[in-house]
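One structure below.
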Amino acid sequence: MLYSVAETQLSENDLPEAARAANEALAFFRELGDTAGVADSLRILVGVHRAKEELDSAEEMIMDSLERFRENDDLYGEGAMLLSYSEINGPRRNEEAVRHGSEALQIFQELGNDRMQAATHLALMGAHQVRGSAKDSLEASTAALELYRKTDDKKGEGKALHGLALAYGVAEKWGEALKNARSARTIFQDLGLTAMEAAELNSCALFNEKLKDYKAMEQDAQESMELHQSVEGHQGEAEAMHLLVKAFTASGDEESAMSTAETALGRFKTLDFKKGQAVAMECIVNNKVGKVDAEEVLPLAQETLELMQEQGDQIGQATMLYTIADIHMADKKFEEARQSAQDSMELMKAAGDARGQAGALLNILATVYTALQQWAEALNSASEAQELYQQAGDVKGEGLALFVYGTIYQMISVWDQAEQWVREAQKIFQEMGEGRLHIQALHTLGTIMVKTERLEEAVKFGQEALQLSNKDKDKALEVQMTLFMVQIYFAMLNRFAEKEGGNRNSREFTDPFSKAEKAATSAVKLTEKMEDPPLKANALYSMAEVNLIAGKFREAENQASDAEKIFEDTGVKAGEASCATLKAQVCVYTGRFQEAVTAAEKALEIGSEIGDAQIVDQANKLLERVRGSQAQPAMMMQQQMMQEIAAPEPEVSSAIEPEKPKGLDPLMVGDMLHGMLREMVGVQMESDTPFMDAGVDSLMSIEFRSQVNQAFAGLQLASTLTFDYPTIRELTGHIVDKSLA
């Protein structure tokens, strides 16, 4: 009875009552000589220490008890302590957790104890989850579920369904994850386990975030917060509040996000719950990052850090220092970012968090050193991260570190090393069933193949990435990979155009061109069934560019008009202006000069309104070209346009670049750069927005530079061009200047 009370109180997060009941049960079982009862009571006490984040105390209790059970040849007690060790050490001593958990499982299988086998499978699932192994996580949680159902343990079944949901999360199968979390929530609700029900709603909110169903995320987080309040589960309430703030932010309701965090901050101050205060302040900081100047948000971040220091919350401090490093990165204060990241790493090291150290090395320090062009330091950071992930048994993290290692070599054009390490990462992602990362690695390998002029291999990598994105059932990813195939086929056309005497009717031209056209058409069709207006507009705009190059002016104009309307409806002014510019080009090529003037003037007006100097410059130059064309004698212009449209076998270069002025046309260069970045970040960028501020991270920066070098082959562009010229306007000017040299 006492053990049952202790277990229930632990489930409901009533830690003082759980500890009291467990200690009474422990004394009772020792008096009776019931060693199994002693072991179970000790596991409850370990659970209390774990809930209080007193892991060293928990481990000391485990090891002392484990020694005594082994001295007495008590297999059940030994297995129980090995299981507890696995449960508390999954995140910090992963290999040992897996080993001890496996030993415990073998013991309970020998004893024929289904209940403890199931609990051990769940512990192993947690350890495999930390390692990033989707396959092992799914196997362990499925085994636990079968055993709990076999013993008709409904509470255990709910815990196993929760584990299965987490395992599907590791595999990034968010729909399946949500379904199992919903089932677990129903069981906990039916059993009256309010704290566990509330915690499961937090999991549902997380999965809805991944599915981009922010309304459902909001509802789950709100209900969880209310349930946690009803049982005075302040820690769970703080977590639910954090999720609710994220849901409001993701759906664009910044006012509700800030109001929720500020209200929670006031409540936690009244309760004198310091950890909740820190979480609320962290939400406020995160909500301000990127929206206000660093000078405004840094003091609040520092105040939050000090509050965490008062509580001795090492992980919280490390996380906030990580955020502070991000703030410095966005402000291009790389030395300050480096120092904050180093401080974060020291705290994570003290807390035994190898994965946290690796994350700081990989996501902050490697990026800082790359921005500073300190390539050796960047490579060392990625290498150290890989070693730390390996020590922690985090295979997925190890793959990520190898991937970054390879992309740094890609950035400095050491193609053999880039290919070697990205291939290693791709192999890991493939073996682990990490669909998205596998696709990203294939995409990068395809880009390397394009850069090293192995275009047939690039096609193979691109097609494999496209097939995987299709199986992953992520339509947005499928569209992105489809548009990547378009870029590969146009690289093949560029190769053809460089040859003298090329015949447009030859298969060397018609095959890649028809495939590029087919891929672009497919991207448009895919987006027609999606609720993603910006992506649909980007696909239409890309198709319009393809048709413009092909001389299909009517189709290009219609698609540009459709994209323009979507950009207008969604408030993407820069996209709307780009479409107007493309329409103006179509009108010039078809001799409709007054319509070209109208479209160019619209682009000019929008560019002036949003302060985009590049759009203004493009529109003005296009107007000059139009007015120059209008000055030509009518008969000469008509003959020229008829020749351009009716020519039976134009050169490839004339199809890809209709005009070849002295040096590159800034209008064409700007359009190309806008198109590349739009496909990478998913939105139309303004010309004066720094790449970093628009969400172009270090990996995207590497890929963007590769695409730019591919598109402007022969200009010998520097490997640091995205740092030297960090906006579309600056980069356009640099490329045009190089072409005139």
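Hey, among Glu110, Glu67, Glu31, which residue is among the charged types (D, E, K, R) and within 20 Å of Tyr148 (Cα to Cα)?
Testing whether each residue is among the charged types (D, E, K, R) and within 20 Å of Tyr148 (Cα to Cα) leaves just Glu110.
Go through (1) at pLDDT 85 or above; (2) touching a His at 6+ places or on another chain (Cβ under 8 Å); (3) crowded, with 16+ Cβ neighbours inside 10 Å one by one and return the number of the condition Gln277 breaks.
Only one criterion is unmet by Gln277, namely (2).
Which of the residues that make up the stretch 505-545 are out of contact with any helix residue (DSSP H, G or I) (no Cβ under 8 Å at 6 or more places or on another chain) and buried (at least 16 other Cβ atoms within 10 Å of the Cβ)?
Answer for the stretch 505-545, where residues must be out of contact with any helix residue (DSSP H, G or I) (no Cβ under 8 Å at 6 or more places or on another chain) and buried (at least 16 other Cβ atoms within 10 Å of the Cβ): there is none.
Step by step: first the residues of the stretch 367-387, then only those that are modelled with pLDDT under 90 and among the hydrophobic types (A, V, I, L, M, F, W, C), then the one that is surrounded by the most Cβ atoms within 10 Å (Cβ to Cβ). Which residue is that?
Val368
Taking the conditions exactly as written (within 26 Å of Thr151 (Cβ to Cβ), part of a helix (DSSP H, G or I), in contact (Cβ under 8 Å) with a residue 40 or more places away in the chain and polar (S, T, N, Q)), does Ser86 satisfy them or not? Step through it out loud before you land on a result.
Values: within 26 Å of Thr151 (Cβ to Cβ): yes; part of a helix (DSSP H, G or I): yes; in contact (Cβ under 8 Å) with a residue 40 or more places away in the chain: yes; polar (S, T, N, Q): yes.
Answer is yes for this residue.
List the residue pairs whose Cβ atoms are under 9 Å apart, where the first residue sits in the stretch 436-461 and is at positive phi and not assigned by the TED database to the domain that holds Val708, the second is among the basic types (Lys, Arg) and assigned to a helix (DSSP H, G or I), and the two are 6 or more positions apart or on different chains.
Glu453/Arg495
Could you list all residues from the stretch 94-125 that are farther than 16 Å from Glu78 by Cα and either crowded, with 24+ Cβ neighbours inside 10 Å or polar (S, T, N, Q) (or both)?
Asn94, Ala118, His121, Leu122, Leu124, Met125
Would you check if there is a residue in the stretch 165-180 being outside the structural domain of Phe273 (by the TED database), polar (S, T, N, Q) and either without any contact (Cβ under 8 Å) to a residue 40 or more places away in the chain or farther than 30 Å from Lys288 by Cα (or both)?
Taking every residue of the stretch 165-180 in turn, at least one turns out to be outside the structural domain of Phe273 (by the TED database), polar (S, T, N, Q) and either without any contact (Cβ under 8 Å) to a residue 40 or more places away in the chain or farther than 30 Å from Lys288 by Cα (or both).
Which residues, counting only those in the stretch 174-194, are surrounded by fewer than 22 Cβ atoms within 10 Å (Cβ to Cβ) and of a type outside the set (A, V, I, L, M, F, W, C)?
Listed by number, the residues that qualify are Gly175, Glu176, Lys179, Arg182, Ser183, Thr186, Gln189, Asp190, Gly192, Thr194.
Pull up the stretch 469-487, narrow it to residues that are among the basic types (Lys, Arg) and assigned to a helix (DSSP H, G or I), then point me to the one that is surrounded by the most Cβ atoms within 10 Å (Cβ to Cβ). Before the answer, list the steps.
The initial filter retains those residues of the stretch 469-487 that are among the basic types (Lys, Arg), namely 471, 473, 475.
After this cut, where a residue has to be assigned to a helix (DSSP H, G or I) as well, the list is 471, 475.
Numbers: Lys471: 11, Lys475: 17.
The qualifying residue surrounded by the most Cβ atoms within 10 Å (Cβ to Cβ) is Lys475.
Which helices (runs of 4 or more DSSP H) does the stretch 1-75 wholly contain that include 2 or more residues that are modelled with pLDDT of 80 or more?
Counting at least 2 such residues, we get 15-32, 35-51, 55-71.
Taking the stretch 554-572 only, how many residues are in a helix (DSSP H, G or I) and touching a residue at least 40 places away in the same chain (Cβ under 8 Å)? Spell out how you get there, then give the answer.
First pass over the stretch 554-572, keeping only residues in a helix (DSSP H, G or I): 554-569.
Those still in the list that are touching a residue at least 40 places away in the same chain (Cβ under 8 Å) too: 567.
Qualifying residue count for the region: 1.
Provide a single number: the residues in the stretch 207-242 that are within 18 Å of Ala264 (Cβ to Cβ) and free of Cβ contacts under 8 Å to residues at least 60 places away in the same chain. So that I can check it myself, show each step before the final result.
Residues of the stretch 207-242 within 18 Å of Ala264 (Cβ to Cβ): 217-242.
Retained after the next criterion (residues that are free of Cβ contacts under 8 Å to residues at least 60 places away in the same chain): 217-230, 232, 234, 237-242.
Summing the residues that are within 18 Å of Ala264 (Cβ to Cβ) and free of Cβ contacts under 8 Å to residues at least 60 places away in the same chain in the stretch 207-242 gives 22.
Starting from residues that are in contact with a His (Cβ under 8 Å, 6 or more places away or on another chain) and buried (at least 24 other Cβ atoms within 10 Å of the Cβ), keep the ones in the stretch 131-145 and report whichever is farthest from Glu434 (Cα to Cα).
Here the answer is Ala144.
In this structure, is Glu336 of a type in the set (Asp, Glu) and under 23 Å from Gly90 (Cβ atoms)? Walk me through how you get there before you give the answer.
Working: of a type in the set (Asp, Glu): yes; under 23 Å from Gly90 (Cβ atoms): no.
Considered against the rule, which asks whether it is of a type in the set (Asp, Glu) and under 23 Å from Gly90 (Cβ atoms), Glu336 comes out as no.
Test Ala264 against the stated conditions and say whether it is at pLDDT 90 or above and either touching a Ser or Thr at 6+ places or on another chain (Cβ under 9 Å) or among the hydrophobic types (A, V, I, L, M, F, W, C) (or both).
It is true that Ala264 is at pLDDT 90 or above and either touching a Ser or Thr at 6+ places or on another chain (Cβ under 9 Å) or among the hydrophobic types (A, V, I, L, M, F, W, C) (or both).
Does Gly169 satisfy the condition of being in a helix (DSSP H, G or I) and more than 23 Å from the chain's Cα centre (by Cα)?
Judged against the criteria, Gly169 is not a match.
Could you count how many residues in the stretch 302-334 are touching a residue at least 24 places away in the same chain (Cβ under 8 Å) and either assigned to a helix (DSSP H, G or I) or in contact with an Asp or Glu (Cβ under 7 Å, 6 or more places away or on another chain) (or both)?
As a first pass, look at the stretch 302-334 and keep what is touching a residue at least 24 places away in the same chain (Cβ under 8 Å): 304, 307-308, 310-311, 313-334.
Narrowing the set further to residues that are either assigned to a helix (DSSP H, G or I) or in contact with an Asp or Glu (Cβ under 7 Å, 6 or more places away or on another chain) (or both) leaves 304, 307-308, 310-311, 314-330, 334.
The qualifying residues number 23.
Just to be sure I understand, how many residues within the stretch 431-464 are closer than 16 Å to Lys515 by Cα and of a type outside the set (Val, Ile, Thr)?
Selection size over the stretch 431-464: 9.
Is there any pair linking a residue in the stretch 586-604 that is of a type in the set (Asp, Glu) to one that is assigned to a helix (DSSP H, G or I) and surrounded by fewer than 19 Cβ atoms within 10 Å (Cβ to Cβ), with Cβ under 9 Å and at least six apart or on different chains, and which?
Sorted first by the residue in the stretch 586-604, then by its partner, the pairs are Glu601/Leu623.
The values are calculated or read from the model by the stated rules, or taken from the named source; none is laboratory data. Since the structure is predicted, the reported quantities are computational estimates derived from the model, not experimental observations. Neighbour counts run over all protein chains shown; Cβ positions are idealised from the backbone, glycine included.
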